[in-house]
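Below is one structure, written out as structure tokens; comments come after it.
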Amino acid sequence: MHKHQHPINCIVPPHMLEEIATNGTTAQKALAISTLKASEQMRGQRRALSDFTGAVARIAAVGGKERIVYDAKNGTSLPGTIVRREGDGPVSDVAVNEAYDGSGATYDLYKDIYDRNSIDNNGMRLDSTVHYRRGYDNAFWDGEKMVYGDGDEDQPIEDRLFNRFTIAIDIIGHELTHGVTQFEAKLVYSYQPGALNESMSDVFGSLVKQRVLNQTASEADWIIGEGLFTPNVNGVGIRSMKTPGNAYNDPVLGKDPQPGHMKDYVNTSSDNGGVHINSGIPNHAFYITAMELGGYAWEKAGQIWYATLRDRLIANSQFQDCANLTYSVAADLFGAGSLEQKAVEKGWAEVGITVNGPPPPPPTEPGGGCLESFLRLIGAAPAK
């Protein structure tokens, strides 16, 4: 049987950690470099374990959702010790409860709205590990489970930049949606396909949050990671789907680099070709579409994007492909010339993409992620 290798999909992009490692205090720099190194080590471990994908984590749930939360106890051995199973009541550890509730809310969105049976559509058990490492400023989906760091919660108050990574339910939905993409479109994690991969996670992560809060599109804040930053950071979250490029502007973290229009597309080989940067463009297209349609974004706009992810996108799909396909799916679901199809067309037009326009140029060679950033920081890789 052919084995697929999956990237480690982290919520905090390497460019942000690189800014911290350059501009932060001594303690902040050390934590950022440690996180970059740890993320790259996890990639290596994931590659080594790829032949054993799913032996445990893909156990089918019986009769509905099945969750297990583990505690790594600030170590590196995964998955850790079981601390809460499906049906168990809340425990005293808030991170455990947040991971449990967040994975449940993500399951519920996919099941109740899109009739999807867990991440793989085959009842996959949702495993989460909290308290990974000490001072680990990230969270990731490793192809089988969710893993969360505690951020800077054990650091002096003046050095804290990140709260615990279970604090934002859209981060949980974001990372678990990387699993959905892994089982469906399998979008390559570089350049525009990688940015679409990131954008799909932002879209459905935001929809998980909006549904839990019972918010309409106009009521939602469209911020990814609201609550993740401590008061020491000048920012509201790690990304804004409403106004890409304006989520944060901080002396230590730098300025949010996301564009919201193709005229500002960032050509870079860093961050696997800017996957966390240029995702702002399709993010904003979804936001515009959802706002045009009004009501609950997980209904019409979400249905169009989900069907596109499930049935139409392929591994090397570009932004133009996604625009064309969402437009086509809108016609299939709601009718040609429908308000829904026109909303999709407007969403893409406002980010500089004309549906059924010319094909995109071929991608260049993929760049590195955390490893490249780490090597650049120690002077072993060229600046970009």
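The values are calculated or read from the model by the stated rules, or taken from the named source; none is laboratory data. Small disclaimer: the values here were computed from a predicted structure and weren't measured. Cβ coordinates were reconstructed from backbone atoms using ideal geometry, including for glycine residues, and neighbour counts include every protein chain displayed.
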Inset, instruction - Among what's in region 87-116 and is part of a loop (DSSP other than H, G, I, E, B) and in contact (Cβ under 8 Å) with a residue 24 or more places away in the chain, pick the residue that is surrounded by the fewest Cβ atoms within 10 Å (Cβ to Cβ). - result: Asp93
Inset, instruction - Could you tell me which numbered condition Asp137 fails, if it satisfies all but one of (1) in contact with a Gly (Cβ under 8 Å, 6 or more places away or on another chain); (2) closer than 25 Å to Gly260 by Cα; (3) charged (D, E, K, R)? - result: (2)
Inset, instruction - Determine whether Phe204 is under 22 Å from Leu293 (Cα atoms) and crowded, with 18+ Cβ neighbours inside 10 Å. - result: yes
Legend entry - Number of positions in region 332-344 that are of a type in the set (A, V, I, L, M) and buried (at least 16 other Cβ atoms within 10 Å of the Cβ): 2
Legend entry - Residue among Gly173, Gly194, Gly227, Gly205 that alone is among the small types (Gly, Ala, Ser), under 30 Å from Pro156 (Cβ atoms) and at pLDDT 95 or above: Gly227
Inset, instruction - Quick one: count up the residues across region 82-106 that are under 14 Å from Tyr148 (Cα atoms) and of a type in the set (Ser, Thr, Tyr). - result: 2
Inset, instruction - For region 209-237, name all the residues that are among the aromatic types (Phe, Trp, Tyr) and either over 16 Å from the mean Cα position of the chain (by Cα) or outside the structural domain of Glu198 (by TED's automatic domain parsing) (or both). - result: Phe229
Inset, instruction - Could you tell me whether any residue of region 142-150 is in the same structural domain as Lys65 (by TED's automatic domain parsing), modelled with pLDDT of 95 or more, of a type in the set (Val, Ile, Thr) and closer than 18 Å to Cys322 by Cβ? - result: no
Legend entry - Per-region count, region 64-86, residues in a strand (DSSP E or B) and among the polar types (S, T, N, Q): 1
Inset, instruction - Would you check which residues across region 294-322 are buried (at least 22 other Cβ atoms within 10 Å of the Cβ) and over 28 Å from Val12 (Cβ atoms) and list them? - result: Lys300, Ile304
Legend entry - Flag if Ser317 is more than 23 Å from Ile224 (Cα to Cα), among the hydroxyl-bearing types (Ser, Thr, Tyr) and out of contact with any helix residue (DSSP H, G or I) (no Cβ under 8 Å at 6 or more places or on another chain): no
Legend entry - Checklist (1) out of contact with any Pro (no Cβ under 9 Å at 6 or more places or on another chain); (2) small (Gly, Ala, Ser); (3) modelled with pLDDT under 95 applied to Gly369, failing item: (1)
